[in-house]
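Colleague: I have a structure here, written as C-alpha cells, and I will follow up with some questions on it.
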Amino acid sequence: MLKVHFSLILGVLSIITPYIGLIIGIFGSFYASKLLHNIEEAEGRKLISAGRICSVIGICLHTILLILLSFSLIIYFLTSV
C-alpha cells in the first residue's frame, strides 16, 4: 500500500515544488503508469489515478512556467540598452 501512497505524494509534490516539479511529475507519471498495470484492488487504483492526474497537472504547470520564464528573459535581453 505504500507504493500507492508514494504515487500520490509524487503527484502532489510535482505541483507544489518550483522548477524541480517537472522532473518529479515525469517520474511520478511513469511510476503511476507502472503501478496501474500491477494493481487489482479498486481503492489502490483510485489513489494511483489521482497521483497520475496530479503529476500531469504538475508537468503542465511547470512547462508553462518555463515557457513564460524563457519569454521574459528573451524580452529582457532584447530590450535592455
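Colleague: State the number of residues belonging to the range 55-64 that are over 20 Å from residue 6 (Cβ atoms) and without any contact (Cβ under 8 Å) to a residue 40 or more places away in the chain.
Modeller: 2
Colleague: Starting from residues that are of a type in the set (Phe, Trp, Tyr) and under 16 Å from residue 5 (Cα atoms), keep the ones in the range 16-43 and report whichever is nearest to the chain's Cα centre (by Cα).
Modeller: Here the answer is 27.
Colleague: Return the only residue of 7, 80 being among the small types (Gly, Ala, Ser) and open to solvent by 60 Å² or more (accessible area, probe 1.4 Å).
Modeller: It is 80.
Colleague: Out of the range 52-77, which residues are among the small types (Gly, Ala, Ser) and either open to solvent by 90 Å² or more (accessible area, probe 1.4 Å) or more than 19 Å from residue 28 (Cα to Cα) (or both)?
Modeller: 70, 72 - these are the residues of the range 52-77 that are among the small types (Gly, Ala, Ser) and either open to solvent by 90 Å² or more (accessible area, probe 1.4 Å) or more than 19 Å from residue 28 (Cα to Cα) (or both).
Colleague: Check residue 26 against each of (1) open to solvent by less than 50 Å² (accessible area, probe 1.4 Å); (2) modelled with pLDDT of 90 or more and name the one condition it does not meet.
Modeller: The single condition residue 26 does not satisfy is (1).
Colleague: Here's something else I'd like to know. Residues in the range 23-41: is at least one touching a residue at least 40 places away in the same chain (Cβ under 8 Å), under 17 Å from residue 9 (Cβ atoms) and of a type in the set (A, V, I, L, M)?
Modeller: Checking the range 23-41: not a single residue is touching a residue at least 40 places away in the same chain (Cβ under 8 Å), under 17 Å from residue 9 (Cβ atoms) and of a type in the set (A, V, I, L, M).
The values are calculated or read from the model by the stated rules, or taken from the named source; none is laboratory data. Since the model is a prediction, treat every value here as computed from it, not as a measurement. A quick note on method: Cβ atoms are made from the backbone with ideal geometry, for glycine too, and the neighbour counts reach across all protein chains shown. The accessibility values were calculated without ligands, DNA or RNA, using every heavy atom of the protein model including side chains. Shrake-Rupley method; radii C 1.70, N 1.55, O 1.52, S 1.80 Å.
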